[in-house]
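No value in this document is a laboratory result; all are computed from the given coordinates. Note that the structure is a prediction, hence the values are computed from the model and not measured. Here the Cβ is made from the backbone with ideal geometry for all residues, glycine too, and neighbour counts use every protein chain on show.
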Amino acid sequence: MPVKNRLAELHPQITEWRRDIHTYPEVLFETHRTSALVAEKLRAFGCDEVVEGIGRTGVVGVIRGKSQTSGKVVGLRADMDALPITEQTGLPYASQNEGAMHACGHDGHTAMLLGAAQYLAETRNFDGTVAVIFQPAEEGGGGGREMCNDGMMERFGIQEIYGMHNWPGVPVGQFAIRPGAFFAATDLFEITIEGKGGHAAKPHETVDSTVAAAHVVTAMQSIASRNADPISQLVVSVTSFETSSKAFNVIPQRVHLKGTVRTLSNEMRDLAETRIKAICTSVAEAFGARADINYVRNYPVMVNHEEQTQFAADVATAVSGKCDDAPLVMGGEDFAFMLEERPGAYILVGNGDTAAVHHPEYNFNDEAIPAGCSWWAEIVERRMPAA
C-alpha cells in the first residue's frame with residue numbers, strides 16, 4: 001500500500017508542526033515547550049491516555065484499537081531534542097533559541113509520529129494498543145535509558161518497539177534497514193597525564209606531561225590497527241588535548257585528554273577499554289608521568305531483531321516500493337536501550353540530497369513526511385490487523 005491518503009492530506013499541517021518545533025529547539029532534557037506541545041496535540045487527537053514526565057521530560061500517548069482481542073501492544077518512538085549548534089540555514093523558520101538547532105531532524109521525527117498518532121486515533125483500524133513515545137535527550141543524554149528506567153515498558157505493557165531516523169543521501173521517502181548490529185556503542189574516556197611542571201628552558205628538571213600525552217595519543221591509534229581484527233569495526237578518537245598551562249615558556253603539570261570509542265560488538269568494546277587503560281598507564285610511566293583514566297560505557301550497540309527487521313522492511317516496501325540494505329553506522333543511537341528491553345527494529349527514511357546531520361546547514365526534508373507517517377501507521381495496522 002502506498003502513502004495513506006489521509007496522511008497525504010495532513011502533510012501541510014504536519015509540516016507546520018515540524019517547522020514550529022524547528023524554530024524553538026531544546027536540547028537534552030530541556031524539551032519543556034516541545035513536550036508540552038506534543039502532550040497538547042495527543043490530547044486533542046483523543047488519545048486514551050497521555051502521560052508526561054517519563055524519563056524526566058518524555059511523553060507517552062496510548063491509543064486503543066477498535067478491538068482488544070489480540071492483547072498486543074506496539075510502541076513507536078520518536079526523539080524530540082536538538083543539538084547545541086548555531087544554525088546557518090537562513091531559513092524563515094530558523095532557530096530562535098541561540099546556540100541550539102534541530103541539526104539531526106528530531107523535529108521531523110516528532111512531527112511524523114504526531115501525524116501518525118492523529119491518523120491512528122481517528123481510524124483505530126487495528127486490534128490492540130499502540131503507545132506513541134516521544135523521547136528527550138537522545139543526543140548524549142541517554143533519554144531512552146531514562147524512560148526505560150522509569151518503567152515505561154512495564155507501565156504500558158509494550159511488547160515490541162519501532163523507531164525511525166531520517167538519512168541524508170537516501171532518496172526522499174525511501175527506506176533502508178539492516179538486521180543485527182546497526183549503530184555503534186559510543187563509549188567515552190577522559191585521561192589525565194600528570195607530570196612535573198617547570199620552566200620550558202629547563203626540561204630536564206621536569207616530567208613533560210605534554211610529550212607523554214602526545215605519545216599516549218599516538219600509541220592509542222595502534223588499538224584499531226594492531227590489536228583489533230582487521231574485519232572488525234573499531235574507532236578510537238582523541239577529540240580534546242588540553243594542558244594546564246597557557247604560557248609559551250611553561251611545561252605544564254598536567255594534560256587532559258578526551259575522546260570516544262565506537263564499536264559494534266562487546267568483544268571489541270572490551271578490547272578497546274582494556275588496551276586504552278594499559279597503553280595510557282604504561283606509556284605515561286615510561287616518561288615518568290602518571291595516567292588517571294576514566295572510561296565510561298555510554299550507549300550500547302543498537303541491535304535490530306531479526307523478525308521485526310524483516311517485518312519493518314516489508315512495511316517499508318509496501319509504503320515506498322523499495323527498502324534497501326542500510327550500511328553499518330559508527331554513530332550512536334540510544335534507541336539501543338529500548339531494543340535491549342523489547343524486540344523491535346529501527347529504520348532509516350530518506351532525506352534526499354541534503355547537508356549531513358549535525359551540520360549547521362542541515363534541514364529535515366518535509367517531503368519525507370507522508371512516507372514516514374505512513375510507515376508508522378502501517379506498522380500498527382499490519383502488526384495488529386483489525387479483527
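Suppose a student asked you for the relative contact order of the range 185-299, using Cα pairs under 8 Å spaced at least 6 residues apart; what percent would you report? After rounding, I find 44 percent.
Each Lys and Arg contributes +1 and each Asp and Glu -1, all at the Cβ; summed about the Cα centre of the range 16-115, the dipole is approximately 540 debye. Approximating the spin labels as points 7 Å out from Cα along Cα→Cβ, the Asp325-to-Ala355 distance works out to 3.3 nm.
If you put +1 on each Lys and Arg Cβ and -1 on each Asp and Glu Cβ, how big is the dipole of the range 185-299 around its Cα centre, in Debye rounded to 20? Please list the in-between numbers first.
Numbers: 12 positive and 12 negative charges, 36 e Å.
With Lys and Arg at +1 and Asp and Glu at -1, about 180 debye.
Straight-line cross-link partners of Lys277 among the lysines, defined as a Cα under 18 Å from its Cα and at least 8 positions apart when in the same chain: Lys258.
For a protection proxy built on the mean count of beta-carbon atoms within 10 angstrom, sort 127-134, 279-286 highest first, please.
For the peptides 127-134, 279-286, the packing ranking is 127-134, 279-286.
The spacing between the range 319-354 and the range 184-250, judged by their C-alpha centroids, is 34 Å.
How would you rank Thr192, Thr23, Thr239, Thr309, going from fewest to most other Cβ atoms within 10 Å of each one's own Cβ? Mind showing how you got there, number by number?
Working: Thr192 19, Thr23 16, Thr239 9, Thr309 22.
With the fewest neighbours first, Thr192, Thr23, Thr239, Thr309 line up as Thr239, Thr23, Thr192, Thr309.
Between Asp334 and any residue 5 or more places off or on another chain, the built amide H atoms are never under 5 Å apart. Relative to the longest principal axis of the Cα atoms of the chain, the long axis of helix 209-220 lies at roughly 50 degrees.
Between the amide H of Leu28 and those of Ala82, Ala137, Glu139, distances stay under 5 Å, these residues lying 5 or more places away or on another chain, with hydrogens modeled in the peptide plane. Cross-link reach is defined here as a Cα-Cα straight distance under 27 Å, omitting same-chain residues fewer than 8 places apart; for Lys41 the lysines meeting it are Lys4, Lys66, Lys72. Taking a Cβ cut-off of under 13 Å around His32, the surrounding Lys, Arg, Asp and Glu residues balance to a net charge of -3, with basic ones at +1 and acidic ones at -1.
Taking a straight line from the alpha carbon of Lys202, these lysines sit under 18 Å away, with near neighbours fewer than eight places off in the same chain left out: Lys246.
Here the chain is assigned +1 on the Cβ of each Lys and Arg and -1 on the Cβ of each Asp and Glu. Its dipole about the Cα centre then comes out at about 320 debye. As I understand it, the dipole of the range 1-103 uses +1 on the Cβ of Lys and Arg and -1 on the Cβ of Asp and Glu, about the Cα centre. Which of Gly53, Ser70, Met101 lies farthest toward its positive end? Farthest towards the positive pole: Ser70. 3J(HN,Hα) couplings calculated from phi for the range 301-317 with the Karplus curve 6.51 cos²θ - 1.76 cosθ + 1.60 (θ = phi - 60°) are, in sequence order, 4, 8, 10, 6, 7, 4, 4, 5, 5, 5, 4, 4, 5, 4, 5, 4, 5 Hz; Gly and Pro show x.
Per-residue Karplus couplings for the range 319-332, computed as 6.51 cos²θ - 1.76 cosθ + 1.60 with θ equal to phi - 60°, are listed in order as 6, 10, x, 7, 9, 8, 6, 7, x, 5, 10, 8, x, x Hz, Gly and Pro entered as x.
Sorting 62-75, 109-122 by their mean Cβ neighbour count within 10 Å, with the most densely packed peptide first, gives 109-122, 62-75. Note on the chain: dipole from Cβ charges, positive end direction compared against Leu328, Gln135, Pro203; the farthest Cα belongs to Pro203. Close amide H partners of Asn298, meaning residues 5 or more places away or on another chain with modelled amide H under 5 Å apart, are Thr186, Asp187, Leu188.
Which of these values of Cα Rg over 2.2 N^0.38 Å was calculated from the structure shown: (1) 1.03; (2) 0.91; (3) 1.11? Among (1) 1.03; (2) 0.91; (3) 1.11, the one calculated here is (3). The order of His106, His11, His204, going from fewest to most other C-beta atoms within 10 Å of their C-beta, is His204, His11, His106.
Of Trp376, Trp17, the sequence from fewest to most neighbouring Cβ atoms within 10 angstrom is Trp17, Trp376. What is the chain's relative contact order, in percent, from Cα pairs under 8 angstrom and six or more apart in sequence? Reported as a whole number, the value is 25 percent.
What the phi angles of the range 246-252 give under the Karplus curve with 6.51, -1.76 and 1.60, with θ = phi - 60°, is a coupling list of 10, 8, 6, 10, 10, 7, x Hz, glycine and proline written as x. Normalised by the number of residues in the range 266-387, the average gap of Cα pairs under 8 Å and 6 or more apart makes the relative contact order 24 percent.
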